[in-house]
Amino acid sequence: MGSHHDPFEQEHHVASEVARRMLVFHTAWADNGIHIWAESASDARLALNDLLGPGSREIHAGDDLEATLEEIETDPGVASAEESTSTTERSGHPARQLNSIPTVDHAYAASPRALESLLLDAGVITEEMVEGSSTLTMRLPHRLNDDGLLVEPSERLGSELGWSLDSIDGLELHPVRIPLLKIKASHAAECLVRLEEGLPAKDATLGHDARYWIETGRLVLELLAEQRFIPTMIQQRDGILRANWLPWLNDRETSARAAHLLSSTPAIVCAIEENGDSDAWSLMENALRTMCDRAVRRILIADDYPDALEDRDLLADQHAGWLSGLLHEDNAIPVIHGGEAQILRSARQWISHLDDRSASRMVRLCLQLSEPFTTSDDPDEVPTGPWRLSFHLVTTDDPPIVIDAEQIWDPDSVGDRMLSQIGNESETAADVLLAELARAARLYPILESSLEDASPCGIDLPLAKAYEFLRETRPILQESGIEVLVPSWWGQVRSRLAAHMVVDSQPLSELENGQWGAGPGREGELGLHTLIDYSWQITLGDKPVSVEEFRKLAAQGAPLVRINGTWVEIREEDVEGAAKFIEEHPGGEMTVLEAMRLAHGVEKAEIPIPILGMKATGWVAQIFGEIDQETGERTIENLEQPELFQGELRPYQLSGLSWLAFLDRFGLGACLADDMGLGKTIQLIALLQHERQQAADPAHIGPTLLVVPMSVLGNWKREFSRFAPELTVHLQHGATRPLGDEFIELAEKTDVIVTTYALVTRDQELLRNINWWRVTLDEAQHIKNPPTKQTAAIRSLKTHRRIALTGTPVENRLAELWSIMEFCCPGFLGSNGDFRKRFAVPIERHRDERQARRLRELVQPFILRRLKTDPNVITDLPPLVQSKQNVTPSEEQVQLYDAVVEEMLRKVDSAEGIRRRGLVLASLVKLKQICNHPAHYLESIGLETGEIDPLRSGKSTRMMEMLEEVTATQDRALIFTQYRRMGHLLVSMIRHAFDIEPLFLHGGTPQLRRDQLVDRFQSKDPSCPIFILSLKAGGVGLNLTAANHVFHYDRWWNPAVENQATDRAFRIGQDRTVNVHKMISAGTLEERIDQMIEQKTELAARIIGAGESWLTELSTGQLRDILSIRHETLEESSP
C-alpha cells in the first residue's frame, strides 16, 4: 500500500511547504476603489520567529490544538470581563506609549508587483482592471516585547502557521503602512468575484475581509445583471449637478441581504485611517454606489451610448443634459445658470415614482388573474369565456389579510372595519384601493378604465390580453410592489414545450459487477463513467408529442391551449427550435455523469427548450430513476443482516445498509443523512461486516479511514467493540500515535483507522501514502466550508469509496451540500463557482422552485435522510414531551436587569459602528447571565458573588424543585447550559441541595475523562443521577439514553441546536418518555425571543440565522422594546 504502488499518483506538496509559500489575500475599500494586498506566510514565519525567539510555544494544527481550543471556552458573542482586561495588565509589562512609536511598514506584506503578476497569471485580473500601486495605513494589532514591534498575523494566516495561542497577550493597536494593488472601481465587483474563483488553492487563501468584500461585489454584479439600478442626480455645495447610477436597495429581499452583510462586517474593514471615522454602513454604501455607477458607465460607454447625444443641445434639452452626465466619465450635468433647481426638482419627482411605496405601507394592491370556468368534460377544450382580473387589498402581515374589492364597496364598510383592525384608521379602504389602482395604471394603462367606475372590482380580459398580462405585465407590477396572483401552472416548466433525456441501459439482473473484494479495476465497473445510449423526447404538459403534433397546435394561433386539463403555453420559437434540435441531435452515447449533469442543468445544453430531467431503463433507472412515492426511497432489495453483527438491525436500518451497499457496488459515494439517533453508526458498521462476509477473499479488503470529531472518538471505539468485535480498530490520535512506516504497516493489518479532522490536516502527507479502501466522514458538516485547508486535505485522500454521515438536513444548506457532494462524488455538481451561479443564487436569493427541483432530483440518488417522526421509521420510540417553565425572576435579578438595560441604552445613544455593536453584545451577555443567576453576572464583572443560593434566581429555584422530583423517582436528568461558569454554579447548588455529586462535562474535559463520565452516567449509577453539560461540548455526538429528563437552563437562539442536545437522550435505545424542560425568565429578553421563534416571524428567521448579531442593528427604541423587562408580565406570573 506504499506510494510506489499508487495508481492514483498525482502532483502533491508537503503541507508545511504549502504553508511556507502561502499568501493570504485581503481587500480594502478606500479612495473609491478596491485595494488588494496579501500576507506572505514565509515572510511572516521568519519575522515572528525573530520577534518571539526559539522559546515560544507553537501549537500546530493538530489534535493538541483542538484540545486546547476546547479548554478555552468563552461566552458567545463577546469576551468575558476577564478577557477584556487590558493587555498591559495581563502581560505584566509596564504601559507603553505607542503614540511615540512612528508608523511602521508591514513586515510581511507581499509587493504589489508580485501580486499583480500572480493575479494576471491566474486570470483573476486583466491589465485593464489595474489602476496602479498604492499605500494605505491601517490600525492593526501589534505585538510588543523588549526588542521591537511587529504586526500580528491575521486569523487566517495564524491558522495556516499554527500560531501560538499563548501569543494573544501583549497586543496593542498601532498604525502600519501596507502596500496594495488598486483596482479600478469600474472593474472592482468583477475582480472581487474572480478573486474567489480564480486563486490557485495551493498557493493562496482568502482573509475574512476579502470574503466580505467578495460578497459585496457579488451583490453588485447580481443587481447589475437584474438591471436593478436607477439614474439619480445630486447637487454639490458649489451648485454643480452631478449624475450617478444608484443600486436599487429598496426592495425587501435586497435590503435584508445588505443588512445581513452589514452585520457580518469584519473589524478590519473599518481600520483604514484614510477612511476617517466612516462606519461600516458608510463604507459599504459608498462601495455599492461607486462600483455600480462606474460599472454601468463602463458598459454603456463601451457600447457607444454617448454617440446618441452628438447632435443634441445639452443645455436646451434637460433630459439630454442628464443623460450626458450618466454616459460619460465626467458626471457633471450641463445646465443653464439658474436652472439647477428646476431640473433637480423634475428629476426628484420622476425618481419618486420609482419608490416602492407599498413596501413601507401596511396595505397594498393585489391583482388576481383567474382562468375561465369550464363545464366541459373534455380536458383539451379551450374555454371561450373571459379571464377575470380582480382587485383586492392585502396586508403585509404574516399571514396576510386579504380584503376583496366587493367588501370595500359594501355599504356596511366591511373593508374599513378590516383596515381599522390592522391599525390603518387614517384613510378609508376605498381611498387606499383607488390610490393603488391609479399607481398601477401608470404601469398598466388598461386599468385606467376601471377608475371611471364608481366601485371598481375588476376587469375582464380576452385570452390574448390575459397572456400578455402573464408574460409581460406581471413582472413589472411585482417589481413595483404590487401583489399579483396567477394560476399555479403559470411559470412552471411543465406548462411549456419541454424535453426529457431518455437513457437505455441493461437490466441489473443481466450484469455481473464483480464481487466484494475483487480488487481494484473490477469493483465499480458500472458507475458514473459508464457509457450509455441516450435520445431526446419532446413533451407538452407531461404528454409526449411529436414535432408534427406540436406544429398543428401552434398553427391554431392561440398562445395558450389546454392539454389533459392543464393550460400550456405555445411559443413559436419553442416549436421551431425544438424541431431543429431533434433533427440535428437524434441521440448518441455519453457517460452517466454527463447525462445526469446535462439532464438536470449542471451543464448548459444546446437544446433551446427546457429539459425536465431524465427517463431511464435498466440499471441506470434503479440508481437514478423514479423514487417510491410512499416510502420516498428507491426500490432496492433489502440485504440480510450480517451474520457477525452483535444485535438486531431495525427494518429501516437494513434498508439503509442495502442502500449503502448498492451505491458502493457501483463506486458511487453516499451521504447518509438520517436524523440524529437513528443509528448511522451501526449502519456503517454493518456495511463493513457485509462486504467482508460477501467477499471472495476478505483479505483483499483494505482499511477504512474514519474521520470523526474528537468528542466522539471514544464513542466510535465502543460501538465497534459492541456491535462488531471481530473488526480490528485503531484510534490514530494523541502524541504517541504511530507515524511513518510504523503507521503504514499497522494500517495494512487493520480494518478501521479512526482519526480526527484536525489530524487529517496535520498528517496529510502520511495519510495520502495509503490507498484507502474507503474514506468515511462522521459529522460531515465539518467540511461545509470548501476553501479550508482541512477540506482540501480530506479531498486529497486516495480512495474509490466515500461515505459521508451527517444528522443535518444538507439539502437545505447549499454551500454545505456542494462540499459534501464534492467529497462523495467529485465533480458531480461542477465547480463551486458554477454551482453558486446555477443553483445557490437562484434558489437562495430568488427562491427559484425550478432550480430547487432540479437540484433535488440531481442529488437524490446519493442522499438518504429519514426522520424519527416518520411512522415508517421507528414505531417503538417513546413519546417526547416538551414544556416551558416560564419562571418569575427574583427581585435581585429584576434590579440588576433594569440597571444593565438602562446603562446600555444610555451608552448606545452616543455610540456608532463597531463600538455600538460591541456595547449591545456585551450587554446582551450580561442580561443572559442575570437571567441565569445573579452570582453568574456579578462574578463576570469582578464583584463579590455572595451566597450561591438557588433562591436568588427564579430559574434555579424552579429547577431545584423539579430536580427534587427527578431524584425522588429515581429518574435521571441532563442539564445543558451554554456557559461553563454557570455549570460550576449548578454543580455547587445541586451538591448542597441533594448531597450528591453531579457529573459535569465541558470543553476542557480531557477525552479519557469524557468517556468515563459518559460510561458512568449510562451505567445508571444511582449516586450520579444528574449530568450537567456545556451545550458546545456535550450537545452532539454522545449517547445518553439513561436520561429521561432534559433541562435547557439557558436558551440558545437556534432551536436546532437545542434539538441536537435533546437528541442525546431521545434516540434509539431510549425506552422511557423523554421530558424536555426549557427554562425561561418571564418578562425578559428570553421570553420575547421565545415568542418570536414560536410565531415564526420574519424577525425570528433573522435570529436563527444570525445568532445575536441582529440585535446590534436595531434602533435604540427597538432595543428598549425588546430588552426592557416587562413588569406587567412579572405580576401575571407571580404566585
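The values are calculated or read from the model by the stated rules, or taken from the named source; none is laboratory data. Note that this is a predicted model, so its numbers are computed, not measured. Glycine also receives a Cβ, built like all others from the backbone with ideal geometry; neighbour counts cover every protein chain displayed.
Points to keep in mind about this one:
A quick yes/no check of all residues on (1) among the aliphatic types (A, V, I, L, M); (2) modelled with pLDDT of 95 or more:
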residue	(1), (2)
LEU706	yes, yes
VAL712	yes, no
ASN715	no, no
GLU719	no, no
THR728	no, yes
LEU731	yes, no
THR736	no, no
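- Test result for ASP741, acidic (Asp, Glu), at pLDDT 90 or above and touching a strand residue (DSSP E or B) at 6+ places or on another chain (Cβ under 9 Å): no
- Where LEU149 falls short, out of the listed (1) within 23 Å of ARG177 (Cβ to Cβ); (2) of a type in the set (A, V, I, L, M); (3) outside any loop (DSSP other than H, G, I, E, B); (4) modelled with pLDDT of 80 or more: (4)
- Residue in the stretch 232-241 that is under 23 Å from HIS208 (Cβ atoms), of a type in the set (S, T, N, Q) and part of a loop (DSSP other than H, G, I, E, B) present: no
- Residue satisfying condition, being surrounded by 13 or more Cβ atoms within 10 Å (Cβ to Cβ), at pLDDT 80 or above and within 30 Å of GLY702 (Cα to Cα), within set THR530, THR539: THR530
- Remark: pairs (first residue in the stretch 456-468, assigned to a helix (DSSP H, G or I) and basic (Lys, Arg); second residue buried (at least 17 other Cβ atoms within 10 Å of the Cβ) and at pLDDT 90 or above; Cβ separation under 9 Å; 6+ apart in sequence or on different chains) = LYS465/TRP387.
- The single condition among (1) under 36 Å from the mean Cα position of the chain (by Cα); (2) of a type in the set (D, E, K, R); (3) part of a loop (DSSP other than H, G, I, E, B) that LYS926 does not satisfy is (3).
- TRP489 in contact with a strand residue (DSSP E or B) (Cβ under 6 Å, 6 or more places away or on another chain), modelled with pLDDT of 80 or more, outside the structural domain of GLY565 (by TED's automatic domain parsing) and surrounded by fewer than 19 Cβ atoms within 10 Å (Cβ to Cβ): yes
- Some residue of the stretch 678-694 being touching a strand residue (DSSP E or B) at 6+ places or on another chain (Cβ under 6 Å) and at pLDDT 90 or above: yes
- Residues of the stretch 1074-1097 classified as part of a loop (DSSP other than H, G, I, E, B) and modelled with pLDDT of 85 or more, total: 3
- The number of residues in the stretch 966-1020 being over 22 Å from ASN1039 (Cα atoms), among the charged types (D, E, K, R) and crowded, with 17+ Cβ neighbours inside 10 Å comes to 1.
- Within the set ALA1033, ALA1065, ALA1043, ALA1056, the sole residue that is at pLDDT 90 or above and closer than 30 Å to LEU927 by Cβ turns out to be ALA1043.
- PRO200 part of a loop (DSSP other than H, G, I, E, B) and not charged (D, E, K, R): yes
- Among the residues listed as PRO642, PRO651, the single one being more than 32 Å from the chain's Cα centre (by Cα) and modelled with pLDDT under 90: PRO651
- Residue match in the stretch 845-859 (condition: assigned to a loop (DSSP other than H, G, I, E, B), without any contact (Cβ under 8 Å) to a residue 12 or more places away in the chain and at positive phi): yes
- Any hit, the stretch 907-928, residues being surrounded by fewer than 18 Cβ atoms within 10 Å (Cβ to Cβ), more than 30 Å from MET284 (Cβ to Cβ) and not basic (Lys, Arg): no
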